[in-house]
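Working notes, structure below.
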Amino acid sequence: PDLDNIPLNNINKKTHQINNRIQEVYLLGPSDKLLIKLYKEIDQDFSGEYIILNDGTINMPFVESVYIKGLTIKQAKEKIEKRLSSELIRPEIYIKLVKSRASKISMLGELQNPGLYIINTSKTVQNSVGTFISKDFGFPTLIEAIKEAGGVSNGSNLREIKLTRKISEDPLITKEYNINLIDLLIKGDQTQNPYLFDGDI
């Protein structure tokens, strides 16, 4: 997909629109939790939450094991529907990413503490009745990742930050984005503070 035209963190858009855009570009992997529903369901045991296993597969009724590592939500939907078509007539499913895996992000260059960071956005919070619950805050942003790395150094060029992202299961297939943090700081341009995904550099 053409990611250049997708503002991954535009606070002027509705939350569900942002989530929809993320699910168009996010590559699935082990430990991701998915909500999968079968429309016109004939088996009540089909719909539910599924966790992608370490081998990149999910186990489901009718189709058993399906390998979806490295696919987008849309691609996974098409693959599962194709497998289901051998058992059902015109199957149609709904898939939603309900919990993402921890993001392993490489932070390189002019930072106080460059290196590999594993950022887990799930936190334990206390609700209004005093009960502690685990809440998923979604994907980390570029600013949050820079903070994890101790902030930028004095020699950093905030106008030329490069984000390298995998766009396929093949680690050699990537796409680069140029980010200008000055536009975020001066103009409030939130598109310059993108969400970061597992494997981003």
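The values are calculated or read from the model by the stated rules, or taken from the named source; none is laboratory data. All figures in this text were calculated on a predicted structure; none of them were measured in a lab. Reconstructed Cβ throughout: ideal geometry from the backbone, glycine too, with neighbour counts over all protein chains shown. Ligands, DNA and RNA are excluded from the accessible area calculation, which covers all protein heavy atoms including side chains. Shrake-Rupley method; radii C 1.70, N 1.55, O 1.52, S 1.80 Å.
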| If you take the residues of segment 184-200 that are open to solvent by 40 Å² or more (accessible area, probe 1.4 Å) and part of a helix (DSSP H, G or I), which of them is nearest to GLN112 (Cα to Cα)? | LEU185
| query | In this structure, is LEU88 in a helix (DSSP H, G or I) and either out of contact with any helix residue (DSSP H, G or I) (no Cβ under 7 Å at 6 or more places or on another chain) or at pLDDT 90 or above (or both)? | reply | no
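Within segment 158-180, which residues are part of a loop (DSSP other than H, G, I, E, B) and open to solvent by less than 80 Å² (accessible area, probe 1.4 Å)? Full working, then the answer.
The initial filter retains those residues of segment 158-180 that are part of a loop (DSSP other than H, G, I, E, B), namely 158-160, 167-173, 180.
The answer is LEU158, ILE167, SER168, ASP170, ILE173, ASN180.
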| Looking at segment 25-73, which of its residues are outside any strand (DSSP E or B), modelled with pLDDT of 85 or more and not aliphatic (A, V, I, L, M)? | TYR26, GLY29, PRO30, SER31, ASP32, ASN54, ASP55, GLY56, LYS69, GLY70, THR72
